[in-house]
Each structure stands twice: as structure tokens, then as C-alpha cells.
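Asker: Here's a structure for you.
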């Protein structure tokens, strides 16, 4: 199914679309390079705490973990919305079996 057909059928309600939760989390985290952002921030927060600024270090640590949680918890909706708007993302999500399309009989 092409992207244009997918968008038209979804908007008309002719499709049942499911997004696998665990696959979406891994897919979004990988594409957004989440570990490459979160890990240095976690390291920086530990370094700040070791320098004696415990509250600032704990706050930065909490923000990094919170950002990771936020990205992972909203991954399903993100995948669906982005697939509706970008053809390349739609093709990648279908190829990775993150986005599953079922046409009613």
C-alpha cells in the first residue's frame, strides 16, 4: 500500500492500524539517537553531584530520565502521526513491522 493510499484510507476510517508498543519504543529511541543524548547528560549530572552540587546534579539526572520516559511513553502516537505525514517514515515503520495495517474484509 502506498503512502497516499494509506493516508486516504486512514482518514476515511477504512483501515485498522496498530502500532506495536515495544517496537515503537525501540524504533523511536533509535531514530532520535536518544541514548547518545541521555547518556552524556546522565554522566554530566553525576559529575556535577561529585563536585558537591548535589541538588543540581539530582535535578539534571531527573530531567534526563524524565525525557527518556517521555519519549518512550509517547512513541506509539508519534509513530502513527509521523507515518501519516512523512512517506519515508511510513515506509521505514512498515518495513520494521512497527506499524501494522489491517484492511477489514
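The values are calculated or read from the model by the stated rules, or taken from the named source; none is laboratory data. Everything numeric in this text was worked out from a predicted model, so none of it was measured. FYI the Cβ positions are ideal-geometry reconstructions off the backbone, even for glycines, and counts take in every protein chain you see.
Asker: Looking at this structure, is residue 56 assigned to a helix (DSSP H, G or I), touching a helix residue (DSSP H, G or I) at 6+ places or on another chain (Cβ under 6 Å) and either at positive phi or free of Cβ contacts under 8 Å to residues at least 12 places away in the same chain (or both)?
Answerer: yes
Asker: Another question, if that's okay. Would you call residue 85 surrounded by 14 or more Cβ atoms within 10 Å (Cβ to Cβ) and out of contact with any strand residue (DSSP E or B) (no Cβ under 7 Å at 6 or more places or on another chain)?
Answerer: Against the criterion (surrounded by 14 or more Cβ atoms within 10 Å (Cβ to Cβ) and out of contact with any strand residue (DSSP E or B) (no Cβ under 7 Å at 6 or more places or on another chain)), residue 85 does not qualify.
Asker: Inspect all residues belonging to the range 62-73 and state whether any of them is within 24 Å of residue 11 (Cα to Cα) and either touching a residue at least 24 places away in the same chain (Cβ under 8 Å) or within 14 Å of the chain's Cα centre (by Cα) (or both).
Answerer: Scanning the range 62-73, I find no residue that is within 24 Å of residue 11 (Cα to Cα) and either touching a residue at least 24 places away in the same chain (Cβ under 8 Å) or within 14 Å of the chain's Cα centre (by Cα) (or both), so the answer is no.
Asker: Step by step: first the residues of the range 3-53, then only those that are in a loop (DSSP other than H, G, I, E, B) and without any contact (Cβ under 8 Å) to a residue 40 or more places away in the chain, then the one that is nearest to the chain's Cα centre (by Cα). Which residue is that?
Answerer: So the residue we want is 32.
Asker: State all residues of the range 3-35 that are exposed (fewer than 11 other Cβ atoms within 10 Å of the Cβ), modelled with pLDDT under 90 and either in contact with a strand residue (DSSP E or B) (Cβ under 6 Å, 6 or more places away or on another chain) or over 18 Å from residue 78 (Cα atoms) (or both); if no residue qualifies, say none.
Answerer: 12, 13 - these are the residues of the range 3-35 that are exposed (fewer than 11 other Cβ atoms within 10 Å of the Cβ), modelled with pLDDT under 90 and either in contact with a strand residue (DSSP E or B) (Cβ under 6 Å, 6 or more places away or on another chain) or over 18 Å from residue 78 (Cα atoms) (or both).
Asker: Looking at this structure, is residue 102 exposed (fewer than 13 other Cβ atoms within 10 Å of the Cβ) and either closer than 30 Å to residue 2 by Cα or in contact with a strand residue (DSSP E or B) (Cβ under 6 Å, 6 or more places away or on another chain) (or both)?
Answerer: So residue 102 fits the description; yes.
Per-residue answers, yes or no, for (1) without any contact (Cβ under 8 Å) to a residue 24 or more places away in the chain; (2) in a helix (DSSP H, G or I):
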position	(1), (2)
76	no, yes
79	no, yes
88	yes, yes
94	yes, yes
97	no, no
